[in-house]
1. Simple spin-label model, 7 Å along Cα-to-Cβ: residue 83 to residue 145 in nm?
2. Taking the beta-carbon count within 10 Å as an exposure proxy, list 53, 124 from fewest neighbours to most.
3. Can you work out the FRET efficiency for the pair residue 39 and residue 193, with r the C-beta to C-beta distance and R0 = 45 Å, to the nearest 0.05?
4. Neighbouring Cβ atoms within 10 Å as the yardstick, rank 90, 132, 127 fewest first.
5. Fewest first, what order do 88, 121 take by the number of other Cβ atoms within 10 Å?
6. Between residue 54 and residue 21, what FRET efficiency comes out of the Förster formula 1/(1 + (r/R0)^6) with R0 = 30 Å and r the beta carbon distance, rounded to 0.05?
7. Between residue 107 and residue 125, what length in nm is gained on full extension when 0.36 nm per residue of separation is reduced by their alpha carbon distance?
8. Round to the nearest 10 and give me the degree value, 0 to 90, for the angle of helix 2-12's Cα axis relative to the longest principal axis of the chain.
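What follows draws every value from the coordinates through simple rules; no lab data is involved. Keep in mind that what you see is a predicted model, and the values were worked out from it rather than measured. No Cβ is skipped: glycine too gets one built from the backbone with ideal geometry, and neighbour counts run over all protein chains shown.
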């Protein structure tokens, strides 16, 4: 299972942390003519080879990146305002499915090769990264349907404050569950509710309140799912 963790880590780094929003916009505008699309693929190939650290893996890395290019290209031509959320999650599902298939065929003992001692660092690193920006993007895409206002109207909010609050709350939920302190998760939800929803009540904006509630519950729910998966894999 070591190889799968490395491939997923490379994917998360390449698709989320090392892909600026400006590249995403450029790819949507230029489609397969945009150089950002191919630079994105090169970064994926480089990350994959560096993390696997085996020159003989290059045919598999080429297969992964070639399929990534194909999936991304199809997505660019199909995407519009109506199917953006569906294509985002379909795109990610296909990428992960390909990584699982490559890992399965590359390691004959794929499902029986797990060793916590040798893979703990990879598991922790991949999980913690997923809990930050990747999940933020996924949650933002999921709740975009209900956005009650444009982002530029939040002039009274600290820059990127909501994003970092999301990072921290998911990381805290993860730590609480992994250490078997479920009661602390309830305390965290209560504490956030007191501060956040008190302000929303004063604003008397029902749509905004519902929007924040959907985002908060989705964020907490995803953190719980990731934590439970982590515990399942590591046991």
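1. 1.6 nm
2. Values: 53 8, 124 13.
Exposure proxy ranking, most exposed first: 53, 124.
3. On the way: r = 43 Å, r/R0 = 0.95.
E(calc), rounded to 0.05, equals 0.55.
4. Going from sparsest to densest Cβ surroundings: 90, 132, 127.
5. Starting with the residue having the fewest Cβ neighbours, the order is 121, 88.
6. Details: r = 33 Å, r/R0 = 1.09.
Plugging the Cβ-Cβ distance into 1/(1 + (r/R0)^6) gives 0.35.
7. Gain on extension, residue 107 to residue 125, equals 4.3 nm.
8. Between the helix axis and the principal axis of the chain, the angle is about 50 degrees.
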